[in-house]
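The structure under discussion appears below in the form of structure tokens.
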Amino acid sequence: MARRPDNPRPGLLVIDKPQGLTSHDVVSRVRRLAHTRKVGHGGTLDPMATGVLVIGIGKATKLLTWVSGHSKEYRATIRLGVATNTDDAEGIVTAAPGCESLSAADLESALASLRGDIMQVPSTVSAIKVNGKRAYALARAGEDVELAARPVRISRLEVLAPPRPAWCILDEPDPETAPDRAVPPGRVRVVDVDVVVECSSGTYVRALARDAGEALGVGAHLTALRRTRVGDVPLEAAMTLGELSAAVEAATAEGESDAEPILPLVPLGDAARTMFPSLHLSESEAGAFAHGQAPRRSRGELAQWVSEVGYCPQNAPEEEASPIAAVAPDGTVLGLLRIDAARLRTVLVF
């Protein structure tokens, strides 16, 4: 018997997002394939960007809060010598001083200032809300948008290959989309730099490009961005939308015609067990947890479990403790717990 559209089989999909689609476009396509609206994503990618996009279906959408909070890795190309209003290649050119040459020492100096724990001003054309409205909507409406700097962590920012001198061709500006562009058309000498970035959630890689260009005094923007990892999920685990469609069609064809579409999901329990450390419950504890009651452990028992699994409750004093998968005696993951003031508390019941 087919599942109801409002009660789909839960799990995660890892999609290799193509260029040109928004993250919401991908969600919409998965909704059609899964025959349900209970679909979400864990971390927005710009239309220009490609790579790992984690999709949650059904109850697995509840895991996306923690997916989006994981660290991420990117491969990017920074073009030095031309700045745009979006800090990427899809924006309008705002300055083009060019970059005739670039020493290794100057490049390293610019990148070094962007490593570690920094305060970053997000790109003006971003999805951050300002007084209830998206920053990009305000910017496109011609309003001045000022976003506050926020803390991010850049754990790795390295050059992958020798910088490449190139020419950037500036076309005649479109009077409708760029009526005020003061940069004339023509050829501008630029330098392209391929980098790898490992960073915390909330980091704008195009803002790193912008800030590197400002540090060098030549302006910069991204011409390519590919997300290669989210948490422990690598790009190798991702499938394209075409591969997903083919897999669903092949798997569903083997079942009944009115059956729920069969997606190649990472089951909800497996995903939770992979993302979080496991705490095994007794039969009675499992029964109580199904009704939201957290199991009881003494301080000594919790300390021993923390030591055995290498659990790190939180990265900073002000952060909420990271989740723990509550596992029944038969191996079923029942939901999520956390340690709060030396006590176990229920976060989520699946």
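The values are calculated or read from the model by the stated rules, or taken from the named source; none is laboratory data. Quick caveat: nothing in here was measured; it's all calculated off a predicted structure. Because the Cβ atoms are built from the backbone with ideal geometry, glycine has one as well, and the counts that use them run over all protein chains shown. SASA here: full protein model, heavy atoms, side chains in, ligands and nucleic acids out. Shrake-Rupley method; radii C 1.70, N 1.55, O 1.52, S 1.80 Å.
Key figures
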{"item": "Breaking point among (1) open to solvent by 40 Å² or more (accessible area, probe 1.4 Å); (2) assigned to a helix (DSSP H, G or I); (3) modelled with pLDDT under 95, for Gly242", "result": "(3)"}
{"item": "Selection status of Ser155, among the polar types (S, T, N, Q), open to solvent by 80 Å² or more (accessible area, probe 1.4 Å) and in the same structural domain as Gly98 (by the TED database)", "result": "yes"}
{"item": "Complete set of residues in segment 194-220 that are open to solvent by less than 10 Å² (accessible area, probe 1.4 Å) and in a strand (DSSP E or B)", "result": "Val195, Val196, Val197, Cys199, Ala220"}
{"item": "Residues being at pLDDT 95 or above, in contact with a helix residue (DSSP H, G or I) (Cβ under 8 Å, 6 or more places away or on another chain) and not hydroxyl-bearing (Ser, Thr, Tyr) - total across segment 65-78", "result": "2"}
{"item": "Which listed residue is part of a loop (DSSP other than H, G, I, E, B) and touching a residue at least 24 places away in the same chain (Cβ under 8 Å), from Leu45, Leu33, Leu53", "result": "Leu45"}
{"item": "Single residue of segment 247-298 satisfying the filter (acidic (Asp, Glu), open to solvent by 60 Å² or more (accessible area, probe 1.4 Å) and assigned to a loop (DSSP other than H, G, I, E, B)) that is modelled with the highest pLDDT", "result": "Glu254"}
